[in-house]
1. Looking at the stretch A:275-332, which GluC sites (Glu not before Pro) are in a loop (DSSP not H, G, I, E or B) and have at most 10 other Cβ atoms within 10 Å?
2. I'd like to know which of A:A203, A:A275, A:S111 lies farthest towards the positive end of the charge dipole of the protein assembly as shown, counting +1 on Cβ of Lys and Arg and -1 on Cβ of Asp and Glu.
3. Of the cross-linked pairs A:K183/B:K4; A:K251/B:K78; A:K63/B:K78; A:K190/A:K246; A:K190/B:K78, which ones have a Cα-Cα span greater than 30 Å in the structure shown?
4. Output the 0 to 90 degree angle, nearest 10, between the alpha-carbon long axis of helix B:3-12 and the longest principal axis computed from the alpha carbons of chain B.
5. At most 15 other C-beta atoms within 10 Å and a DSSP loop state: those are the exposed trypsin sites (Lys or Arg not before Pro) I care about. Give me the longest piece of chain B that has none.
6. Using only C-alpha atoms and all pairs of different ones, pull out the Kirkwood radius for the stretch A:104-208 in Å with one decimal.
7. In chain A, what percentage of the DSSP-assigned beta bridges are antiparallel, given to the nearest 5?
8. Over the Cα atoms of the stretch A:43-167, what Rg and Dmax result, in angstrom?
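No value in this document is a laboratory result; all are computed from the given coordinates. Note that the coordinates shown come from a computational prediction; the quantities given were computed from them, not determined experimentally. In this analysis, Cβ positions are derived from the backbone assuming ideal geometry, glycine residues included, and neighbour counts consider all displayed protein chains.
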Amino acid sequence: MKTWNFQQVYVQAAATACGPLEAQGPLAGCFDVSFDDVYCEEKTYESAERRLLQEAVESAMRKAKLSQEDLEVAVGGDLINQLGTSHYFMRSMNVPFLGVYGACSNSTLSSLCAAAFVEGGFANLALTFTSSHNATAERQFRFPNEYGVQKPPTTTFTATGAGAMILGRKKDTIRLTQGTMGKVVDFDYKNANDMGSAMAPAAFDTIQAHFQNTGTSFADYDLIATGDLSKIGHEILIDLFCHENKDPLGKLIDCGCILYDQKAQAVFSGGSGCACSSLVTIAWLFEKMRQKKLKRVMVVATGALLSPILIQQKESIPCVAHALVYESEAEK
Amino acid sequence: MDQKEIKSIVAQHQVQKGSWIRKATAFFSGGLVGMLGQGLLEFYMNSLNLTQSQAAAPLAMTVIVITALATGLGFYDKLGQICGAGLFIPISGFANSLTASALESKSEGLIYGIGCNMFKLAGSVLTYGIVAAYTLGLLRYFLKI
């Protein structure tokens, strides 16, 4: 695995849109747009997710004072089959589009690809986005939403929301400095109701590779945020590092544990979904970086690449994790 | 780190399945549903002057209607999360699986949505219910039990 170094990729603007449960969570008030209803003023869950994505993208473009014509490429993905949300949303955008799928790791995967375009000189401005909706993910990967089956405590709760980022070469407060694209890790784990456990080794693998490639360790980062390992997966990841005699120094956090209040909100083991890491990165981490409370942050979005059909065929859960490093620049 | 070591670390964090609290809630909520059923059965027997086997049909229908309403109004799944098998095993579980699937797929229309998907979950119960009834019926016929 290689780590890519980016010299001139800056976050020009970023924005979020979220559903009701996220807006009532610990990050209340941090999001650009929020809806009181899971339908987000739309008729179906699928169009609700698209609406969230549209709100996030439009908000990001407004912040950067850009129009569609300025964007040279867009990279994005979601959880619906055939990337339904992303592709149908892009109908209204007059921008060349690359759809990516890395399940919940989409948030860093799309930014990583977009950063490569910008760094390589193939685009001056690139839009990157991702979205997920609890109801669309439930119906695709699990059961109908109103089905009254008891879920085990290891289950994670797919976040409802969308995040959009515009990457470009113009100097700005937050710079995307490095990225490590992860490889698919599978240790023959088959419990689709516990994706945190399945994904923890993938996050471990990518972070280890990143440390090795860059000669860094936990001490060099202010925070390392994994995407959606949830409470169980997060503890496993800490144990994996401790087993290698690498103390995380309290710097490992998980976006799934930050987005929701696990005691007050019924989210089982924590949040998950593409939007989980995207919302926390943009609404919380970036804000802390702008306030100079954090200087160097690694975001490692994790994805469980399972297919419901293959799981029923008794296959295991392949997982992947992609890491990005953001640094806040001294002066704008 | 090899796969074996990873597996052993992950295994240390596995949550024990089926806690006693869940089992107890399922037991008592299931009992409550049973009591409700018995009450309804006696109500129909007395008020409509039916035999026990005749009263079973309106009883099942009442439970199905209540479940369907609760599913549509959006609180059955929350009850199901608390009660577990207590609500899943009675006919309410079957009714909920039909209503939930139908509700979910109404956005795809009457034919490809509701029609195709309504029995997505309950289909198994029907298929194997019919297979079991047919097999046992045949056995009974040939063995003259």
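1. On the way: sites: A:E287, A:E315, A:E327, A:E329, A:E331; in loops: A:E315, A:E329, A:E331.
Of the GluC sites (Glu not before Pro), the ones in loops of the stretch A:275-332 whose Cβ has at most 10 other Cβ atoms within 10 Å are A:E331.
2. Value computed over the given set: A:A203.
3. A:K251/B:K78; A:K63/B:K78
4. Its long axis makes an angle of about 60 degrees.
5. On the way: sites that count: B:K17, B:K144.
The longest uninterrupted stretch comes out as B:18-143.
6. On the way: mean 1/r = 0.0610 Å⁻¹.
Final number for the Kirkwood radius of the stretch A:104-208 is 16.4 Å.
7. Values: 37 of 57 bridges.
Counting DSSP beta bridges with both partners in chain A, the antiparallel share is about 65 percent.
8. Values for the stretch A:43-167 (Cα only, Rg and Dmax): 15.4, 52 Å.
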